[in-house]
Amino acid sequence: MQTRWTRQEAIAFAETASGTPSDLVTACRAWTAHDVLAHAVAGGGEIARLVGIHLAGDPVPATISFQDREPAFRALPYGDLVDLVAAGGIFDLLAAMADQNGSLEFTG
């Protein structure tokens with residue numbers, strides 16, 4: 001079964017994140033809320049990059065590892081990460097890919 005996040009869910013997620021202290025310790029060992037949000041935003045950014053390449057008709061390269069893609073996002077202020085989630089830029093790309101019945105490999 002495939003599920004799709006909606007913009008409303010992204011907004012709800014961003015609202016929850018904005019009400020969460022960035023230094024809150026999470027269930028992910030040694031990760032704060034900031035770390036978890038940076039991980040989610042970095043992953044979404046990589047998905048958006050790969051979908052954009054696919055939609056352009058170009059060969060899709062391997063996924064960039066989270067060790068390589070996350071440092072730039074971890075360096076962002078927590079509020080900026082919340083804003084990126086709320087913007088929901090990935091949704092239009094995913095909708096276009098769904099319209100093409102497309103798929104791609106993410107992290108193998």
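Assuming 0.36 nm per residue, please report the length gained on full extension of the stretch Asp68 to Asp23 beyond their Cα-Cα distance. Don't jump to the answer; show the numbers that get you there.
Details: separation 45, 0.36 × 45 = 16.20 nm, distance 2.25 nm.
Answer, rounded to one decimal: 13.9 nm.
Taking all protein chains as present, what is the carbon and sulfur share of the accessible area of the chain, in % to the nearest whole number, probe 1.4 Å?
Values: 4040 of 6960 Å².
The nonpolar share, carbon plus sulfur, comes to 58 percent.
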Using Cα springs under 10 Å in a Gaussian network model of the chain, which residue among Arg74, Arg29, Arg49 shows the largest mean-square fluctuation?
Arg29
1/(1 + (r/R0)^6) with r = Cβ-Cβ of Asp58 and Asp80, R0 = 35 Å, i.e. FRET efficiency to nearest 0.05, evaluates to 0.75
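What length, rounded to one decimal in nm, is gained on full extension from Ala96 through to Ala40, with 0.36 nm per residue of separation minus their alpha-carbon distance?
Details: separation 56, 0.36 × 56 = 20.16 nm, distance 2.13 nm.
Full extension of this stretch gives 18.0 nm more.
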Relative to the longest principal axis of the C-alpha atoms of the chain, give the angle of the C-alpha long axis of helix 78-87, reported between 0 and 90° and rounded to the nearest 10°.
30
Once all protein chains are kept in place, Glu105 shows an accessible area at probe 1.4 Å, nearest 10 Å², of 120
Whole-number accessible area per residue in Å² for the chain, which is evaluated in the context of all protein chains at 1.4 Å:
64
Rolling a 1.4 angstrom probe over the protein chains, ignoring ligands and nucleic acids, what is the accessible area of Ser22 in square angstrom, nearest 10?
50
What ³J(HN,Hα) values, in whole Hz, does the Karplus curve 6.51 cos²θ - 1.76 cosθ + 1.60 give for the range 48-55 when θ = phi - 60°, with x put for Gly and Pro?
4, 4, 5, 5, x, 5, 4, 5
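Once the cut-off is 13 Å, how many percent of the Cα-Cα pairs in the range 51-91 end up in the long-distance tail?
Values: 547 of 820 pairs.
In whole percent, the long-distance tail amounts to 67.
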Relative contact order of the chain, pairs being alpha-carbon contacts under 8 Å that are 6 or more residues apart, as %:
35
So what does Ile64 come to for accessible area, using a 1.4 Å probe and Å² rounded to 10?
70
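Which value, in debye to the nearest 20, gives the size of the charge dipole of the chain about its Cα centre, when Lys and Arg are +1 and Asp and Glu are -1 at the Cβ?
On the way: 6 positive and 13 negative charges, 29 e Å.
Taking the Cα centre of the chain as origin, the dipole is about 140 debye.
Given the -39500 (n - 2.57) contribution per DSSP H run of 4+ residues, what per-residue ellipticity at 222 nm results for the chain, rounded to the nearest 500 deg cm²/dmol?
On the way: 5 runs with 64 residues, N = 108.
For the chain, the value works out to -18500 deg cm²/dmol.
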Over all directions, average the projected area of the Cα convex hull of the chain and note it in nm².
7.6
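The values are calculated or read from the model by the stated rules, or taken from the named source; none is laboratory data. Nothing here was measured: the structure is a model prediction, and the numbers come from that model. Cβ coordinates were reconstructed from backbone atoms using ideal geometry, including for glycine residues, and neighbour counts include every protein chain displayed. Ligands, DNA and RNA are stripped out before the accessible areas are found, and what is left, the full protein with its side chains, is counted by its heavy atoms. Shrake-Rupley method; radii C 1.70, N 1.55, O 1.52, S 1.80 Å.
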